[in-house]
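First comes the structure, then the notes that go with it.
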Amino acid sequence: MQLRDARGKAEFVARIKAFAATVPPGTWIAGGDWDHQNWGGELPRKEWIDAAAPRNPVWINRVDGHMSLANSLALAAAKVDKNTPEVAGGAIVRDASGEPTGILKGQRQEPGGPRHAGALAETMDRALDAAMKYVAARGVTSVVHMGTWDDLAVFRRARQAGRLRTRIRAAVPLATLGTAGRRRWPTTGTADDWLSSAA
């Protein structure tokens, strides 16, 4: 799902609602790349999208990768609520009563995210296919992607299946380049003309 150029709350919500209508109930909705600066800087809230996707957990990232927005279903699945403690390097944005607004920052995005619910592979594959179709229609044949280890796994899966139509040079944040991260993306034998990693 693509939200990067959504110009306001109404368009943001409408796109999520339209996308939710195309997937089965229970399917995680991810991706997004929203930018709240497009509509004056107000951060979106879970209430914006709860009604737009009442049967689908939504966990969508901001364009810079440092924030995500989750709807109530996704927060419940991730066990994020008023009593959830903060984690080092991350934050749960809360309202005046202490309830999560749906915005999660930094490291809080990953541990409770839908990736750990084992439900995103098909959705992420579909998002990659849509992105490749989008850039190809505009004459783009190669991209540089700054993302996560999970993104790299999606690209690698597509490469192994022969589905890549866009050449991808992928990178992850330097802070994640520890041993655990490298085990998820072994450097030996993974680079070719279609997919390479800076990791």
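The values are calculated or read from the model by the stated rules, or taken from the named source; none is laboratory data. Because the structure is a prediction, the values reported are computed rather than measured. When we count neighbours, we look across all protein chains shown, and the Cβ atoms used for this are built from the backbone with ideal geometry, even at glycine. Note: accessible area is taken over every heavy atom of the protein model, side chains too, but ligands, DNA and RNA are not part of it. Shrake-Rupley method; radii C 1.70, N 1.55, O 1.52, S 1.80 Å.
Which one of the conditions (1) open to solvent by 60 Å² or more (accessible area, probe 1.4 Å); (2) within 17 Å of G102 (Cβ to Cβ) does Q37 fail to meet, given that it meets all the rest?
That leaves (2) as the condition not met.
If I ask for residues that are in contact with a Ser or Thr (Cβ under 9 Å, 6 or more places away or on another chain) and closer than 14 Å to N61 by Cα, which ones from segment 93-106 would you list? Reasoning before the result, please.
Of segment 93-106, the ones in contact with a Ser or Thr (Cβ under 9 Å, 6 or more places away or on another chain) are 93-95, 100, 102-105.
G102, I103, L104, K105 - these are the residues of segment 93-106 that are in contact with a Ser or Thr (Cβ under 9 Å, 6 or more places away or on another chain) and closer than 14 Å to N61 by Cα.
Among the listed residues D95, D50, D33, which satisfies the condition of being without any contact (Cβ under 8 Å) to a residue 24 or more places away in the chain and closer than 16 Å to V13 by Cα?
On the way: D95 fails: closer than 16 Å to V13 by Cα; D33 fails: without any contact (Cβ under 8 Å) to a residue 24 or more places away in the chain.
The conditions single out D50.
Determine whether V13 is within 26 Å of V135 (Cβ to Cβ), outside any loop (DSSP other than H, G, I, E, B) and either modelled with pLDDT of 90 or more or not small (G, A, S) (or both). Step through it out loud before you land on a result.
Values: within 26 Å of V135 (Cβ to Cβ): yes; outside any loop (DSSP other than H, G, I, E, B): yes; either modelled with pLDDT of 90 or more or not small (G, A, S) (or both): yes.
Judged against the criteria, V13 is a match.
So how many residues does segment 55-89 have that are aliphatic (A, V, I, L, M), in a helix (DSSP H, G or I) and surrounded by fewer than 21 Cβ atoms within 10 Å (Cβ to Cβ)?
2
Which count do you get for residues in segment 90-130 that are at pLDDT below 90, buried (at least 20 other Cβ atoms within 10 Å of the Cβ) and outside any helix (DSSP H, G or I)?
Selection size over segment 90-130: 3.
Residue under question is A78, and the condition is that it be at pLDDT below 90 and among the small types (G, A, S); does it hold?
Details: at pLDDT below 90: yes; among the small types (G, A, S): yes.
Yes: the conditions hold for A78.
Can you name the number of the only condition in (1) surrounded by fewer than 19 Cβ atoms within 10 Å (Cβ to Cβ); (2) at pLDDT 95 or above that A52 fails?
Result: A52 fails condition (1) only.
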